[in-house]
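**Student:** One structure follows; several queries about it will come next.
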Amino acid sequence: MSKDLRSPSKDTQLRATINQRLVETGERDRLKDLLRTKLIECGWRDQLKALCKDVIRERGLEHVTVDDLVSEITPKGRALVPDSVKKELLQKIRVFLAQHANL
């Protein structure tokens, strides 16, 4: 049974390098735009908006801060992202990495 021998600092360095390349090439912005469009199309944005309204209604506007709202809604929002959207984005990232294999 082989174990991944990369250290956490190597993983962090690789992530930083990939992110830098995504930014430099403009691919990060393209991926963000694609994600935004897909989430709007599938109704995710409307679902999150409704969840926010529910939390505010339950607690009262005076008793909810933006930070409270973000911390409560974020896990739900991540869970509501459709698998098809995740798969499409992951595929685009894999293609990008294959084209830039010299990272």
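**Student:** For residues in segment 35-67 being within 17 Å of the chain's Cα centre (by Cα) and not in a helix (DSSP H, G or I), which is surrounded by the fewest Cβ atoms within 10 Å (Cβ to Cβ)?
**Tutor:** Selected residue: Gly43.
**Student:** Another one. Going through segment 45-72 one residue at a time, which ones are closer than 25 Å to Arg30 by Cα and not polar (S, T, N, Q)?
**Tutor:** If the condition is that a residue be closer than 25 Å to Arg30 by Cα and not polar (S, T, N, Q), then Arg45, Asp46, Leu48, Lys49, Val70 are the ones that fit.
**Student:** Let me ask another. From the list Ala98, Ala16, Ala79, pick out the single residue that is in a helix (DSSP H, G or I) and open to solvent by less than 70 Å² (accessible area, probe 1.4 Å).
**Tutor:** Ala16
**Student:** Further, regarding this structure: Being closer than 23 Å to Ile18 by Cβ, of a type in the set (Val, Ile, Thr) and in contact with a helix residue (DSSP H, G or I) (Cβ under 7 Å, 6 or more places away or on another chain) is true for just one of Val55, Val85, Val95, Val64. Which residue is that?
**Tutor:** One residue alone meets the criteria, Val85.
The values are calculated or read from the model by the stated rules, or taken from the named source; none is laboratory data. Remember, it's a predicted structure, so these values are computed and weren't measured experimentally. Using ideal geometry, Cβ is built from the backbone for each residue, glycine included, and neighbour counts are taken over all protein chains shown. Accessible surface is based on the protein model in full, side chains and every heavy atom, while ligands, DNA and RNA are left aside. Shrake-Rupley method; radii C 1.70, N 1.55, O 1.52, S 1.80 Å.
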